[in-house]
Amino acid sequence: MDKVTCDECQNDFNIYLQEYQYPVTQVKGYVIETYFMCPHCNKKYIAFVTDKQARKMQKEIRSYHNQIFKKDYTGLTEEEYKKEIDKQHNVLNIMKQELKIKMDNLKEQIKALN
Ligand SMILES: [Zn+2]
């Protein structure tokens with residue numbers, strides 16, 4: 001478990017992640033907030049926020065990642081193999097970047113509600 005220092009009360013505590021699903025009447029997109037609280041002063045920290053689309057993107061990233069390892073590269077020269085791996089890692093990085101932007105936006109949106 002990660003130990004952090006609370007910004008508010010300066011006490012150390014262990015992070016215990018909890019989830020809260022926002023009702024669709026409040027936020028669209030089946031938004032789940034993952035957060036933790038300081039047990040000393042009850043200050044709430046939002047770790048990350050996902051919605052249905054972000055969770056789908058996470059799934060796609062995982063399966064693309066697995067696919068890179070499972071793929072059959074026999075018959076490729078070392079150079080071709082390296083090129084192929086680079087290409088796939090670039091795609092993966094773009095997917096991760098898109099997800100990060102999405103999740104940063106969600107976090108800002110949710111912070112405004114808290
Ligand atoms: Zn605190």
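No lab work stands behind these numbers, since they all come straight from the coordinates. The shown structure was predicted, so the numbers you read here are calculated from the model rather than taken from an experiment. Cβ coordinates were reconstructed from backbone atoms using ideal geometry, including for glycine residues, and neighbour counts include every protein chain displayed.
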Response to the item:
The Kirkwood hydrodynamic radius of the chain, taken as the inverse of the mean 1/r over all distinct Cα pairs, in Å, comes to 16.9 Å
Fill in: Where GluC sites (Glu not before Pro) fall in DSSP loop in the range 1-102, at most 13 other Cβ within 10 Å
GLU8
Worksheet item: How large is ³J(HN,Hα), in whole Hz, for each residue of the range 88-96 in order, when computed from phi with the Karplus curve 6.51 cos²θ - 1.76 cosθ + 1.60 and θ = phi - 60°, using x for Gly and Pro?
Response: 5, 5, 5, 4, 4, 5, 5, 4, 5
Worksheet, complete the sentence: Here the net charge surrounding CYS6, from other residues whose Cβ is less than 10 Å away from its Cβ (Lys, Arg +1; Asp, Glu -1), is -2
Worksheet item: Which pairs, out of LYS71/LYS96; LYS3/LYS82; LYS28/LYS96; LYS3/LYS71, put more than 29 Å between their alpha-carbon atoms?
Response: LYS3/LYS82; LYS3/LYS71
Discussion item. Distance between the C-alpha centers of the range 82-97 and the range 32-54? Whole Å please.
Written reply: 30 Å
Item to complete: Pick out, in residue order, every one of the trypsin sites (Lys or Arg not before Pro) in the range 25-114 that is DSSP loop and has at most 15 other C-beta atoms within 10 Å; say none if there are none.
Response: LYS28, LYS43, LYS71
Practice prompt. Quick one: dipole size for the chain, taken about the Cα centre, charges +1 on Lys/Arg Cβ and -1 on Asp/Glu Cβ, in debye to the nearest 20.
Written response: 400 debye
